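Notes follow once the structure below has been shown.
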Amino acid sequence: MNNTEKVIKEIKEFHTDIEAWFRGKEDQKSLYKKLLDGFNPDFKMVNGNNNTITLTAFSEWLPGAYGQFPDRSIVLENIEVHITESHGLASYVETQTTGSTVTRRKSSAVFLIDKERASWLHLVEKWI
């Protein structure tokens, strides 16, 4: 698998897993571990409200969101990836639908890439 494929795989798998998390459809303990395993320990995110969230804060927030949105769906569009030997820069549009509520965000993410996989280092989300 080349570096571009590693980044795209990580983006798609994370969003599939976070959708399952919101729906509460899979084993919470194993899914929690799987979700967090994709992140570098130095991960930081700037969310759509311009708040910076660390990996620790994200991991503490996750349990309260488990099963809270049983009908939420997440769709990704326009994934673009630029890579170097050890980094990836990706952008994509994410649409979350819960009942009649639809939210959209444009995201940009930096990944660290090694022989096995890509891991999230930094994520910036902007509301559309």
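Here, each number is a calculation from the coordinates, and none is a lab measurement. If you're wondering where the values come from, they're calculated on a predicted model, not measured in any experiment. Ideal geometry is used to build each Cβ from the backbone, glycine not excepted, and the neighbour counts take in all protein chains shown.
Residue by residue, here is whether (1) closer than 27 Å to THR4 by Cα; (2) free of Cβ contacts under 8 Å to residues at least 24 places away in the same chain holds:
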| site | (1), (2) |
| --- | --- |
| GLY64 | no, yes |
| PHE69 | no, no |
| SER100 | no, yes |
| ILE113 | yes, no |
Original post:
ILE53 fails exactly one of the following numbered conditions: (1) touching an Asp or Glu at 6+ places or on another chain (Cβ under 9 Å); (2) surrounded by 14 or more Cβ atoms within 10 Å (Cβ to Cβ). What is the number of that condition?
Top reply: (1)
Original post:
With (1) within 16 Å of the chain's Cα centre (by Cα); (2) under 27 Å from LYS115 (Cα atoms); (3) among the acidic types (Asp, Glu); (4) loosely packed, with under 12 Cβ neighbours inside 10 Å as the list, and ASP17 as the residue in question, which single condition is left unmet?
Top reply: (4)
Original post:
Among the listed residues THR95, THR84, THR4, which satisfies the condition of being under 16 Å from ARG117 (Cβ atoms), among the β-branched types (Val, Ile, Thr) and either touching an Asp or Glu at 6+ places or on another chain (Cβ under 9 Å) or exposed (fewer than 12 other Cβ atoms within 10 Å of the Cβ) (or both)?
Top reply: THR84
Original post:
Which of the residues spanning the range 24-45 are crowded, with 17+ Cβ neighbours inside 10 Å and free of Cβ contacts under 8 Å to residues at least 60 places away in the same chain?
Top reply: LEU31, TYR32, LEU35
Original post:
If TRP21 satisfies every condition in (1) part of a loop (DSSP other than H, G, I, E, B); (2) at negative phi but one, which is the exception?
Top reply: (1)
Subject >> Among (1) without any contact (Cβ under 8 Å) to a residue 60 or more places away in the chain; (2) surrounded by fewer than 17 Cβ atoms within 10 Å (Cβ to Cβ); (3) under 13 Å from the mean Cα position of the chain (by Cα); (4) under 30 Å from SER100 (Cβ atoms) - the single one LEU76 does not satisfy >> reply: (1)
